[in-house]
Amino acid sequence: SLKSRWKLTVGAGHSSPLVVGERVYLHARPGENEAVYAIDLKTGKILWQDSYPVAYNMNPAARDHGKGPKSTPVYSNGRLYTFGITGILSCYDTSRGKLLWRKPFEEKFKAKAPLFGTATSPIVDRGLLIVFGGGNDQGGLVALDAATGAEKWVWAGDGPGYATPIVVDIAGKRTIVTQSQKLIVGIQADTGALLWKIPFTTEYVQNIVTPVAYRDLLIFSGINKGVFAVRVGWRNNRWATDQVWETKEVSMYMNSPVLKGNLLFGMSHRNKGQFFCLDAATGKVLWTGDPRQGENAAMLIAGDRIFSLTNDADLIITGVADRGAGVIKKYRVANSPTWAHPALTGKGILIKDENSLA
């Protein structure tokens, strides 16, 4: 059973709670400010917080989603990095909540954010803080020194999408892989050089799904684009991006899938929201669940259990299985929309709803 331990009003936003030790870090929007919180995991007491005003007008097509923030913070070496709805990047000393530096990208890119607000989350890799700044037709992937904020390189070949980058080693190159506004790209992590690109566009400029690395394959999806796998390699003195498999039977819109062994689990936007499992090696769809499960589900995998939180506040626990969804338990966890990923805390779970963290 689920027993309520504490609940805080923190403000709007899709940003997911981040658990580090006995603390929870959260980026949210109370009123017309963006706020950063450090919260005691056991008691819900706010240990420190910082806020700053952010004016933002939401695109009418996404008004129901609120004014963000949408990016989830990243923690590294005692520092917390947040990325706001208008692309304001901040670095905090987590011990005291002191702001160490802040960078808006307005001067570098004319567009502050893509059509529906900044949503790609920052990542840290080998001392580099990597963010996708700017907006439609005017943006770039930027690498900064994670300690000082000093710029190391910029790749400005396309505007940002809404997917968070991943970092993989391909043919001896440390590679950042992500969906941008109009492309799927591989960027060399230490120099920012474009290694390879694949043209990729979706309806209403919504490249959202975070890539998945499986063995020597990269798996991608997008609204009405099905799911497909690409093998990237160096051949005949050039980069090759060979499509290995594709399925049109399922397709992801906002959902980023989870991988366990050879099994890829996700939520297809087809049939008004339908969970699925496919073989990551071949693309064969092994099962699809019941239709009408919602617009989106934020999914986590822990051991042999999958935790799927729908935007309608249903937390669905299923087993990792190649034969049917196998629902173990279903909970109603909030009375308002839940867009953020939940966070597992040992025997507990953190839920961010429209305005609260519980």
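The values are calculated or read from the model by the stated rules, or taken from the named source; none is laboratory data. Everything numeric here is computed off the predicted structure, so don't read it as measured data. For neighbour counting, all protein chains shown are included, and Cβ atoms are generated from backbone atoms with ideal geometry for every residue, glycine included. Areas reflect the complete protein model, heavy atoms only, side chains present, ligands, DNA and RNA absent. Shrake-Rupley method; radii C 1.70, N 1.55, O 1.52, S 1.80 Å.
Would you confirm whether any residue within the range 80-97 is in contact with a Lys or Arg (Cβ under 6 Å, 6 or more places away or on another chain) and without any contact (Cβ under 8 Å) to a residue 40 or more places away in the chain? Yes: the range 80-97 contains one or more residues that are in contact with a Lys or Arg (Cβ under 6 Å, 6 or more places away or on another chain) and without any contact (Cβ under 8 Å) to a residue 40 or more places away in the chain.
Scanning the range 82-92 turns up at least one residue that is in contact with a strand residue (DSSP E or B) (Cβ under 7 Å, 6 or more places away or on another chain) and open to solvent by 10 Å² or more (accessible area, probe 1.4 Å).
Search the range 170-192 for residues that are assigned to a strand (DSSP E or B) and pair each with any residue that is of a type in the set (Asp, Glu) when their beta-carbon atoms are under 6 Å apart and the residues are at least 6 apart or on different chains. Listed by first residue and then by second, the contacts come to SER180/ASP158; LEU183/ASP158. When TRP245, TRP196, TRP239 are checked against the criterion of being open to solvent by 30 Å² or more (accessible area, probe 1.4 Å) and either within 24 Å of ILE170 (Cα to Cα) or at pLDDT 95 or above (or both), a single residue qualifies: TRP239.
Among residues of the range 321-358 being outside any loop (DSSP other than H, G, I, E, B) and free of Cβ contacts under 8 Å to residues at least 40 places away in the same chain, the one that is nearest to LYS42 (Cα to Cα) is ARG332. Check whether at least one residue in the range 115-130 is part of a loop (DSSP other than H, G, I, E, B), among the hydroxyl-bearing types (Ser, Thr, Tyr) and over 15 Å from PRO69 (Cβ atoms), and report yes or no. Looking for residues that are part of a loop (DSSP other than H, G, I, E, B), among the hydroxyl-bearing types (Ser, Thr, Tyr) and over 15 Å from PRO69 (Cβ atoms), one finds none in the range 115-130, hence no. Just one of the listed residues (GLU34, GLU22) is open to solvent by 90 Å² or more (accessible area, probe 1.4 Å), charged (D, E, K, R) and in contact with a strand residue (DSSP E or B) (Cβ under 8 Å, 6 or more places away or on another chain), namely GLU22. Scanning the range 120-150 for residues being open to solvent by 20 Å² or more (accessible area, probe 1.4 Å), over 13 Å from SER180 (Cβ atoms) and in contact (Cβ under 8 Å) with a residue 60 or more places away in the chain gives a total of 3.
The condition (being open to solvent by less than 10 Å² (accessible area, probe 1.4 Å) and free of Cβ contacts under 8 Å to residues at least 60 places away in the same chain) is satisfied by just one residue among ASN224, ASN207: ASN207.
Within the range 37-66, if we keep just the residues that are within 20 Å of the chain's Cα centre (by Cα) and closer than 16 Å to THR9 by Cβ, the residue that is surrounded by the fewest Cβ atoms within 10 Å (Cβ to Cβ) turns out to be GLY66.
Condition check: in contact with a Gly (Cβ under 6 Å, 6 or more places away or on another chain), open to solvent by less than 40 Å² (accessible area, probe 1.4 Å) and within 30 Å of CYS91 (Cα to Cα). Does TRP153 satisfy that? Here the answer is yes, as TRP153 does meet what is asked.
In the set GLY294, GLY346, only one residue is open to solvent by less than 30 Å² (accessible area, probe 1.4 Å) and at positive phi; that residue is GLY294.
Taking the listed residues VAL142, VAL154, the one that is more than 20 Å from the chain's Cα centre (by Cα) and on the phi < 0 side of the Ramachandran plot is VAL154, with no other qualifying.
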